[in-house]
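First up is the structure itself, then whatever we jot down about it.
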Amino acid sequence: MIRLGVLRSARPMQVGFLILLTVCSAQLGYWMLDEVRYTARVEARLRTAYESGTPAVDPGVLSRLHEERFHRLNRYAWEGAFFLAVLLASMAVVHRAVREESDLRRRQEDFLAAMSHELKSPLASLRLSVDTIAMRDPPPTRRAELVERLQADLGRLQRMITNVLDTSRLASGEIRGAPERQVLADDVAAVVDEMKGQALDGASRVHVDVPNDLVIVVDPDGVRTVLRNLVHNAIKATNGGGDVHVHAERGDGIVRLQVRDNGTGFPPSEATRLFDKFYRVEGDNRARTGGTGLGLYLVKRCVELDGGTLFAESEGPGRGACFTVTWPAAPDLAP
């Protein structure tokens, strides 16, 4: 999937570079042919003058040759400038391609490393919990805690695998489910309940303010993916203990949802790049929050496919973040 994406993005660049090379080669061939013809014409004129026994070349001939030489030099100057411009453009294209491929390769390597880490941690926790239940026969209260941890780790694995599969389906152009009327409050409640164990482990507090009359027409799986990733990221950002606020309201024919936290935040300059595939913010928070760099990419694609908008805000590292999503309101709710 990754390799296919690289090839698709590089193909237009390769075609453009091939066209530039073809133009340059044709121009060079024309110059060589024209120079051969010009030399042959001059040689024929001089031979004719010599064979006719003319004691001196007619000044008019020299004037015409001089004028022709000037025009040829002028034409070659313009064509040479074009040739140089083409070469410079080709160099710029190659430089940009190499830089983008290098950046993409680095992000892919980061993704593989992050994926390995994200899989290793819950698997180790699952193994420890299963061994504890199997070998020590803990009391009922401890057993319930271990079962809850097992469920949380399995949910974490399921989210990662779902993100990878959803990314693959979006990249291949697979058609999603038909849009349906969804009560946003119900979807938010289901996702928050699903994330309850993770929030408690990180001492995060999730506050929900979503009216029950907000209805949107979206792909059900898509809106769950959006909510799941945004709430999950906000809880991770407040892993040391903090508040996550999920607020929604209606206005101007849209439903606006905000997921705000007072956690790690990010540099304001990174706001647009957060939604790139495999992208993760550099810095100390990166190792602490983890992630594969696919969640926000999926959020953006799902929101766009449902006709909505998405943007992120933060005042800087350590000052929290706010993600705002808008969807068109259901027709009967639009003012």
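Every number in this text was worked out from the coordinates using simple rules, so none of it is lab data. Model, not experiment: these values are computed from the prediction. Cβ coordinates were reconstructed from backbone atoms using ideal geometry, including for glycine residues, and neighbour counts include every protein chain displayed.
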Mind ordering 143-150, 204-211, 86-93, 244-251 by average Cβ neighbours within 10 Å, highest first? 244-251, 204-211, 143-150, 86-93
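Can you figure out the FRET efficiency of Ala26 with Arg181, using R₀ = 41 Å and their beta-carbon distance, to the nearest 0.05?
Values: r = 60 Å, r/R0 = 1.46.
The pair Ala26/Arg181 has a calculated efficiency of 0.10.
Which entries of Lys120/Lys236; Lys196/Lys300; Lys236/Lys300 have Cα-Cα distances beyond 22 Å here? Numbers along the way, then the final one.
Values: Lys120/Lys236 18 Å; Lys196/Lys300 24 Å; Lys236/Lys300 19 Å.
With Cα atoms farther than 22 Å apart: Lys196/Lys300.
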Which cross-chain or sequence-distant (5 or more) residues have an amide H under 5 Å from the amide H of Met195, H modelled 1.01 Å from N in plane? none
